[in-house]
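The block underneath contains the structure these notes are about, expressed in structure tokens.
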Amino acid sequence: MSERKKILVVDDEVGIRRLFTEILGDEGYFVMEAENGAQADERMLNGDPDMVLLDIWLPDTDGISLLRKWAQSGPLPCPIVMVSGHASVDMAVEATKIGAFSFLEKPVSMKNLLGAVQNALKVSSRQKAIAKSFRKVAEKVAENTPEGEEMPRGLVDFSLPLRQAREQFERAYFAFLIEKYKGNISKVAEHAQVDRTNLYRKLDSLGVEKNASKETPSA
């Protein structure tokens, strides 16, 4: 028997939460509820949902800000479907740019709700795997970040334009390899499969130190 998919419903209206929970529960899903941003953060961290239905307007924050917060630490951990009865087209566009999977307008019909959930769950496993892999890379970079130096927040801010986000990733990627190979540029070039001359140019353009960090001798 396959494990039940977990869905997080974030909405300050108790009637909406109960309705969604009843509909989705009848379809065999395990449903978690959150009435505000703080609860949504806790459920996202500890509940490991397979997807989220996120209302735009919440008592302590708004869905766009919450979505942006989750995206700043790396790839979104699962598909997020935005839900609102008063959102503008600009809000829908902004949510999509940040990484929202889709957008539902209230009142939501059962057909549209189940369709959005099913479509989101089709990509959930892949998205969660990508987020998990990213966290592992972040942990490795953190382990190799010299003491006293701050690791780039989340390695990559996914709300940035592609060029800037790519530069953030490349900076962290090469910094990690230089630490791993203790400043041996030949090994870094071999690992990254790039020409040494081009690698030197790349490191200069990114502002990455070419020497591995050295531990300060204890007194």
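Could you calculate the FRET efficiency of Ile130 with Asp41 from 1/(1 + (r/R0)^6), where r is the beta carbon distance between them and R0 is 22 Å, rounded to 0.05?
Details: r = 21 Å, r/R0 = 0.94.
Computed FRET efficiency for Ile130 and Asp41: 0.60.
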Problem set entry | Fewest-first sequence of Phe103, Phe30, Phe174 by Cβ atoms within 10 Å of each Cβ | Phe30, Phe103, Phe174
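Anything over 25 Å Cα to Cα? Flag those among Lys180/Lys202; Lys182/Lys202; Lys5/Lys132; Lys97/Lys132; Lys69/Lys187; Lys97/Lys122, in the order listed. Can you show the working numbers first?
Details: Lys180/Lys202 18 Å; Lys182/Lys202 18 Å; Lys5/Lys132 17 Å; Lys97/Lys132 21 Å; Lys69/Lys187 37 Å; Lys97/Lys122 20 Å.
Violating the 25 Å limit, Cα to Cα: Lys69/Lys187.
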Problem set entry | Label-point separation in nm, Phe169 to Asn119, each point 7 Å along Cα→Cβ | 2.5 nm
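Quick one: Val208, Val188, Val83, fewest Cβ neighbours within 10 Å first, how do they rank? Please list the in-between numbers first.
Working: Val208 16, Val188 22, Val83 25.
The fewest-first ordering by Cβ neighbours comes to Val208, Val188, Val83.
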Seminar exercise, completed: Rg from C-alpha atoms of the stretch 6-134, normalised by the globular rule of thumb 2.2 N^0.38 Å, equals 0.95
Problem set entry | the stretch 38-75 versus the stretch 170-184: alpha-carbon centroid distance in Å | 33 Å
Seminar exercise, completed: Computed about the Cα centre, the charge dipole of the stretch 6-134 from +1 Lys/Arg and -1 Asp/Glu charges at the Cβ has a magnitude in debye, to the nearest 20, of 620 debye
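Since every read-out is calculated from the coordinates, none of them should be taken as a lab result. Not measured: the values here are computed from a predicted model. Backbone-built Cβ (ideal geometry, glycine too); neighbour counts: all protein chains shown.
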